[in-house]
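See below for the structure under consideration.
Just so you know, all these numbers are worked out from the coordinates, no wet-lab data involved. Please read all numbers here as calculations on a predicted model, not as lab measurements. Backbone-built Cβ (ideal geometry, glycine too); neighbour counts: all protein chains shown.
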Amino acid sequence: MDNQAAVLRADTGETMVLQGVTAKGNLNGLLFELTVEQRYRNPAKTNIEAVYTFPLPSGAVLLDFEVKLNGKTLTGVVVEKRTAEAQYEEAIENGDTAIMLERAGDGLCTVNLGNLMAGEEATIRYRYAQLLRFEHDSVRLAVPTVIAPRYGDSIAAGLQPHQQPVNDLSVAYPFALAIEVRGAVAKGRITSPSHRIATASSKDGVTVSLAQDASLDRDFVLAIDQLKATSLVTVSRDGDGFVALASFCADVPHDQTEAPLRLKVLVDCSGSMNGDSIEAARRALHRIFAGLTPADRFTLSRFGSTVHHDVAALMAATPEAIRTAGNHLSAMMADLGGTEMEGALASVFALSRTEAAADVLLITDGEIWNADSLVAAARAAGQRVFTVGIGAAPAEGVLRQLAETTGGACEFVAPDEDAEAGILRMFARLRSPRVDHADVTWPGAPTWVTTTPRGLFGGETIHVFAGLSAVPTGEVAIRLVPAGGGEPLAACATLPAAVDSGETLARMAGAQRIQSADAESRLALALQYQLLTDATNFIVVHERAEGEKAVDLPQLQQVAQMHAAGWGGVGSVRSMGSLKVSRSMSSPDVLFCLDSCEYDALEAPAVLVRSTLAGDRLDAAVDLELVAKALDGQYLRLAQGRLPRSLADLRRLGVEETILDVLAAYVAGDVTEEMVVHAFLEALVPAAKQAGASRQLLRALRNQFKNAGECAELRAAVATIVVVPMVAGCPAP
């Protein structure tokens, strides 16, 4: 691929900031490492801040981050998040270039490229590692490339305004990929349900590459089957000690009695499932019901904004019942509105609650924000949730967290993939006796050991790390103890004679240990092993010579996501809901507020400003939230990173004439209208900061005047007369 080739927006011919992505990977046994290059170019005539949120696989550990800019390669370091943000802002305001990588939620990262100068190019390179698993003699690898629109409130999910993914139907980004498959997995049958691939024998295995041009519009999926699952152990140095990774795979006896199923089937029929996803879900469900026996019992429910129980009580899976269920499936459409998954799961958990323990099988693309409360409610219900992720870009992190937290498991089905193998694996899990816990025996006494997952199944890999003070010898063993008694499933592996000299294993173990550590230990481990976490960021600063520094603040350029292939809608509509203020309406103070509305993600809500000359004190917390939402909405979306400069700009935002008249009175002589508007906006800094406004907005508000003394009297007067009544509840004079 030509790295210099221009990438154009499909509808306008405008050159895009993101030029394309190239990835090169190495799958050696069950360890997958991928190096990704994102190429950027600033096509504008001024400096920009490019912000791009992108997905990572669930459980992946980001190891390296570097930037190539103006012929120099700069290596990122991991520091505490607050320190990184302060360094980034200081560099931007000093006219230097800063690049910061941060977590943006489960499985999402945001790269911030600040002060990329006009015509300048930059390449961002990062590397991550991921442990795969044998799943009944097969291995599945997914490289996520796009974030489909999700239902719900991303801010409530912990994303900052600049981190929110923006979807644009008109953008297209080239994608190239090559993966070297080595070791035992290279002997299996290699296919891809997502892309056309080419394979070629290499010295150590098989090289897999894309057979035709591709784009960032679907996840890349590599399926390898016809393998023989095995247990193995790897040992690596970790400072003065050692770390061992045991990957167990306990065989399931062929004569094991299969338990009858109590299965509650719940299928997502929200709008996001329209198109390819609902078709794939329908095919998968037909295979699921074909696999039931008369001894099994089931319910069948559909959900979107509401939940519909087509079969509301556990029913024996007789041939007649299966035919009835098949009729429901054939008529099933993705026409039930939004993805209200939490309420739907609660309703399904309540079905036949007095009967013996049942499992829930959820078929969905998982495209929701803020799954924490959903996962907590599911775990409290005490019913295992098995998820089947459907589509070209399912929300893997949400679905895996839901399944693994409840003791279930997860499968994924691409739009063109035959679901039979995955459904058979799911039935094997569902029918096998429940495992209560796992006992792992190490030689010697480990200094620490990571916990085993809650969902444990025979025939599948279970990864366990341990810290050791000396090189271990002998065997490591695991016993999966059934919940209802019976013979445990066992597996063992012999420790290797050689010790790996790399640091990847120790850093991956550090990431695993962080999950169960307290806050102080999490930060210490993240800094020790240089890991990207919720509390740490990667940061790179390029100090420019005096004549090369940026003069103005950069204009924000959010890199949009491509439309996910086969995704059901052509846009994202988010409900902001009603914003209510508890106060006496007989004497309101100055206030920013948003109308109750549903609006397209590419639009911003109008800002309404209400005012009087006197009134009761406001509830400051509510007011500040409204200020932040209003300003961030217009700054990041409608104004595309530019603050209002005139009274007319404020009027177009919906600012009431009473306030505009007050501001207009200050325009006289050397005091320009732009100065007055800037003073008005600058005075909102404390309110916006307290409300958690985006750093782009705060930066712009802080830097409207060149020095602290400029227009000092005007700024003080406007802050006192206009803003103080709004924030503090004091009457305006």
Do any trypsin sites (Lys or Arg not before Pro) in the range 189-286 lie in a DSSP loop with no more than 14 other beta carbon atoms within 10 Å, and if so, which?
-> ARG196, LYS203, LYS228
List the aspartates and glutamates whose Cα lies under 13 Å from the Cα of LYS228, skipping any in the same chain that are fewer than 8 positions away.
-> GLU135, ASP137, ASP251, GLU460
Return the distance in nm (one decimal) between the two label points of a simple spin-label model at LYS68 and ALA545, each offset 7 Å from Cα along Cα→Cβ.
-> 2.3 nm
Cβ under 11 Å from ALA506's Cβ, ALA506 left aside: what net charge do those residues give with Lys, Arg +1 and Asp, Glu -1?
-> 0
Using a simple spin-label model with points 7 Å from Cα along the Cα→Cβ vector, what separation in nm is obtained for GLU475 and SER330?
-> 5.5 nm
Report the FRET efficiency, 1/(1 + (r/R0)^6), for ARG651 and ALA716, where r is their Cβ-Cβ distance and R0 is 22 Å, rounded to 0.05.
-> 0.35
Report, ordered by chain and residue number, the lysines lying within cross-link reach of LYS203, taken as a straight Cα distance under 21 Å and ignoring same-chain residues fewer than 8 apart.
-> LYS24, LYS187
About the Cα centre, charge dipole magnitude for the range 191-268 (Lys/Arg +1, Asp/Glu -1 at Cβ), debye = 100 debye
Nearest-0.05 FRET efficiency for ALA445 and THR293, computed from C-beta distance (R0 45 Å) | 0.40
Of the listed peptides 329-342, 704-717, 413-426, 517-530, what is their order by residue-averaged count of other C-beta atoms within 10 Å, with the highest listed first?
-> 413-426, 329-342, 517-530, 704-717
Note, HIS678: beta-carbon cut-off 15 Å, +1 each Lys/Arg, -1 each Asp/Glu, net -2
Where nothing but the Cβ of Lys and Arg (+1) and of Asp and Glu (-1) is charged, how large is the charge dipole of the range 391-491 around its Cα centre, in debye to the nearest 20?
-> 360 debye
How high is the FRET efficiency from GLU121 to ASN703, r the C-beta distance, R0 22 Å, rounded to 0.05?
-> 0.25
Exposure proxy check on GLU355, GLU258: fewest-to-most Cβ neighbours within 10 Å is GLU355, GLU258
Set LYS81/LYS706; LYS45/LYS549; LYS72/LYS549 screened for pairs whose C-alpha atoms are more than 18 Å apart | LYS81/LYS706
Points 7 angstrom from Cα along the Cβ direction at ALA497 and ARG196: gap in nanometres?
-> 4.8 nm
Could you please state, rounded to a whole Å, how far the C-alpha centre of the range 46-99 is from the C-alpha centre of the range 191-246?
-> 28 Å
Note on the range 262-431: contact order normalised by length, alpha-carbon pairs under 8 Å, 6 or more apart, percent, works out to 26 percent
Looking only at aspartates and glutamates whose Cα falls under 18 Å of LYS68's and that sit 8 or more positions away or on another chain, we get ASP2, GLU37, GLU49, ASP96, GLU120, GLU121, GLU543, GLU548
Residues VAL243, VAL233, VAL551, VAL143 in order from fewest to most other beta-carbon atoms within 10 Å are VAL551, VAL233, VAL143, VAL243
Could you work out the local net charge near ALA157, counting Lys and Arg as +1, Asp and Glu as -1, over the other residues with Cβ closer than 10 Å to its Cβ?
-> -2
So how much slack lies between ARG642 and ASP137, counting 0.36 nm per residue of separation and subtracting their Cα-Cα distance, in nm?
-> 176.3 nm
